[in-house]
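This is the structure, below, for whatever I ask next.
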Amino acid sequence: MAHDPNCIFCKIISGEIPSAKVYENEDVYAFLDISQNTKGHTLVIPKEHTKDIYDLTPDTAANLFRAVPRIATAVRDAFDPIGLNLLNNNGEFAGQSVFHYHIHILPRYGKGDGFG
Ligand code: 5GP
Ligand code: ZN
């Protein structure tokens, strides 16, 4: 499993940086975003260090996306939003600030909920 010792999300996976775990399996880790744009804002990441969508292999993508519906369901059941956005930023211009591939799960609660 590729691991970048300088990557903040690799450090989260290894436990070097603490995080609030939402879900984990052999290939995937999900945790609460430190900056909660909306309540329950969760990040889903592959354990394999992967920079962005262009670096994501079909196998890593398949393992990651296989877990997304159950993580989204857990977030829905825990936070009871009225909707939910999935978001993935690629490249600085598009808003990517951490270069370890991640999907944002953003629960939505209505106008003025902090997103959109
Ligand atoms: P991006 O801007 O790359 O799409 O998203 C990166 C996300 O990672 C941001 O929403 C930011 O709040 C979150 N983040 C950055 N550092 C940490 C951290 O150390 N812990 C957690 N839980 N989230 C982080
Ligand atoms: Zn990484």
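Where a number appears in this text, it was derived from the coordinates with a stated rule and is not lab data. In this text, all values refer to a predicted model and were calculated from it rather than measured experimentally. In this analysis, Cβ positions are derived from the backbone assuming ideal geometry, glycine residues included, and neighbour counts consider all displayed protein chains.
Evaluate the following for ALA72: is it out of contact with any Gly (no Cβ under 7 Å at 6 or more places or on another chain) and either at positive phi or within 11 Å of ligand 1 (Cβ to nearest atom) (or both)?
Considered against the rule, which asks whether it is out of contact with any Gly (no Cβ under 7 Å at 6 or more places or on another chain) and either at positive phi or within 11 Å of ligand 1 (Cβ to nearest atom) (or both), ALA72 comes out as no.
Considering each of GLY91, GLY15, GLY40, GLY83 in turn, give the residue that is small (Gly, Ala, Ser), more than 28 Å from GLY114 (Cβ to Cβ) and more than 13 Å from ligand 2 (Cβ to nearest atom).
Unique residue meeting the criteria: GLY15.
Quick check, is LEU64 within 16 Å of ligand 2 (Cβ to nearest atom), within 12 Å of the chain's Cα centre (by Cα) and outside any strand (DSSP E or B)?
Yes: the conditions hold for LEU64.
While we're looking at this one, here's another question. Please pick out the residue among ASP52, ASP33 that is under 13 Å from HIS100 (Cα atoms) and touching a residue at least 24 places away in the same chain (Cβ under 8 Å).
Every option except ASP52 fails the conditions.
Within segment 21-55, restricting attention to residues that are away from ligand 1 (no atom under 13 Å from the Cβ) and outside any loop (DSSP other than H, G, I, E, B), which residue is nearest to ALA67 (Cα to Cα)?
Filtering segment 21-55 for residues that are away from ligand 1 (no atom under 13 Å from the Cβ) and outside any loop (DSSP other than H, G, I, E, B), the one nearest to ALA67 (Cα to Cα) comes out as VAL28.
Additional query: Just wondering, is there one or more residues in segment 80-87 that are among the small types (Gly, Ala, Ser) and without any contact (Cβ under 8 Å) to a residue 12 or more places away in the chain?
No, segment 80-87 has no match at all.
Only one of these conditions is not met by SER97: (1) polar (S, T, N, Q); (2) surrounded by 13 or more Cβ atoms within 10 Å (Cβ to Cβ); (3) under 20 Å from LYS11 (Cβ atoms). Which number is it?
Every condition holds for SER97 apart from (2).
Further, regarding this structure: Given the criterion touching a Lys or Arg at 6+ places or on another chain (Cβ under 9 Å) and more than 12 Å from ligand 1 (Cβ to nearest atom), identify the matching residue among GLY116, GLY110.
GLY116
Mind listing whichever residues of segment 37-49 are in contact (Cβ under 8 Å) with a residue 60 or more places away in the chain and either at negative phi or surrounded by fewer than 19 Cβ atoms within 10 Å (Cβ to Cβ) (or both)?
Across segment 37-49, the qualifying residues are ASN37, THR38, LYS39, HIS41, THR42, LEU43, VAL44.
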